[in-house]
Amino acid sequence: MAADGAVRGTGLHLWLLLPAAALGALWLAWRVLAVGDFLYPLWYDVIDVHGHIEHFGPQNRYKDDFETTTRAERARLFAEIVDAIHASGAGLAELRYHDPDGRPIDTLLRTPEIVHLEDVARLVDRLAPAGWLALAWLVIHLGLIRTRGWRVPRLRRLLGASLLAVGVGVALVFAIGPRRVFYQFHVLVFPPENPWFFYYQDSLMSTMMKAPFLFGAIAIAILALALACYAFFLFLAARLATDAAAAAPPRV
């Protein structure tokens, strides 16, 4: 038997295992990062959100004095938005920003921004069952690998093929243009009658997120964590297949 514990052979079950592992890894990465507000405090410094707000905050045509808010206040607002999109959009209209002394200044979001974030919340609501189902099936599938002795290819082979597919996808995104892909994604998934593009001068939401740069950083974090989760899932599958083969009675 190979030293790395891999089991030779393939099976039709891989057509269920690999998509479930990929979708489950993406959903798990999303949920884990959502708990930490998608690392907004980190990206705040990395992409200089502070300087962006200092420049565009005073130019806003509808809201005043956002540039006077503190870093902690901006992080709080982003966290509230993250919570809202995971709660079907509840509470978006009530979000208010405050000055450094804690006095309320104004509501954060205008109606078009609220509508867009509610669209995002509906998208998350629709994707959630698929994500949880993928994780549930993954647990069942791993159990079947162990109990039924389903074979799994070498771990390095599976990871190599998967990383190649991811590399091709990333290369394609950069060939087309990340911003163009981002915009086309919005065109495809959101209702055409609802606005999703907002100039910085019209939207504190876009300003405090430095869209689309923040979303690019978040996408990288999700992809990196999802790849780690995916590799761990495949490692478990290979290990369980090895254990099942070792426990099987010898063939006569």
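The values are calculated or read from the model by the stated rules, or taken from the named source; none is laboratory data. None of the values given here were measured: they were computed from a predicted structure. All Cβ positions, glycine included, derive from the backbone under ideal geometry; neighbour counts span all protein chains shown.
Worth pointing out:
A quick yes/no check of all residues on (1) at pLDDT below 95; (2) over 30 Å from Glu67 (Cα atoms); (3) part of a helix (DSSP H, G or I):
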{"position": "Tyr97", "(1), (2), (3)": "no, no, no"}
{"position": "Pro112", "(1), (2), (3)": "no, no, yes"}
{"position": "Glu118", "(1), (2), (3)": "no, no, yes"}
{"position": "Ala121", "(1), (2), (3)": "no, no, yes"}
{"position": "Val124", "(1), (2), (3)": "no, yes, yes"}
{"position": "Trp137", "(1), (2), (3)": "no, yes, yes"}
{"position": "Leu142", "(1), (2), (3)": "no, yes, yes"}
{"position": "Leu159", "(1), (2), (3)": "yes, yes, yes"}
{"position": "Ala165", "(1), (2), (3)": "yes, yes, yes"}
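- Cβ pairs under 7 Å, 6+ apart, first in the range 196-213 and within 17 Å of Gln184 (Cα to Cα), second β-branched (Val, Ile, Thr): Phe213/Ile47
- Matching residues, the range 46-61, being surrounded by 14 or more Cβ atoms within 10 Å (Cβ to Cβ), assigned to a helix (DSSP H, G or I) and under 24 Å from the mean Cα position of the chain (by Cα): Val49, His50, His52
- Of all the numbered requirements in (1) buried (at least 18 other Cβ atoms within 10 Å of the Cβ); (2) touching a helix residue (DSSP H, G or I) at 6+ places or on another chain (Cβ under 8 Å); (3) at negative phi, Gly89 misses one, and that requirement is (3).
- Screening Asp83 against (1) surrounded by fewer than 18 Cβ atoms within 10 Å (Cβ to Cβ); (2) in contact (Cβ under 8 Å) with a residue 24 or more places away in the chain; (3) acidic (Asp, Glu) leaves a single unmet condition, (2).
- Flag: Ala136 does not match the condition of being among the aliphatic types (A, V, I, L, M) and more than 30 Å from Leu16 (Cβ to Cβ).
- Residues that are surrounded by fewer than 21 Cβ atoms within 10 Å (Cβ to Cβ) and out of contact with any Asp or Glu (no Cβ under 6 Å at 6 or more places or on another chain) within the range 62-76 comprise Tyr62, Asp64, Asp65, Thr70, Arg71, Ala72, Glu73, Ala75, Arg76, listed in sequence order.
- Looking across the range 134-172, the residues that are of a type outside the set (A, V, I, L, M, F, W, C), exposed (fewer than 15 other Cβ atoms within 10 Å of the Cβ) and closer than 15 Å to Leu240 by Cα come down to Gly143, Thr147, Arg148.
- Check on Thr10, modelled with pLDDT under 95 and either polar (S, T, N, Q) or in contact with a Cys (Cβ under 7 Å, 6 or more places away or on another chain) (or both): yes
- The set of residues in the range 179-203 being among the hydroxyl-bearing types (Ser, Thr, Tyr), closer than 23 Å to Asp37 by Cα and not in a helix (DSSP H, G or I) consists of Ser203 alone.
- Summed over the range 62-95, the residues that are touching a Gly at 6+ places or on another chain (Cβ under 7 Å) and either modelled with pLDDT under 95 or part of a loop (DSSP other than H, G, I, E, B) (or both) give a count of 0.
Listed here are the residues, each with its yes/no results for (1) buried (at least 19 other Cβ atoms within 10 Å of the Cβ); (2) modelled with pLDDT of 95 or more; (3) not in a helix (DSSP H, G or I).
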position	(1), (2), (3)
Met205	yes, yes, no
Ile220	no, yes, no
Ala224	no, yes, no
Ala228	no, yes, no
Phe232	no, yes, no
Ala244	yes, no, no
Arg251	no, no, yes
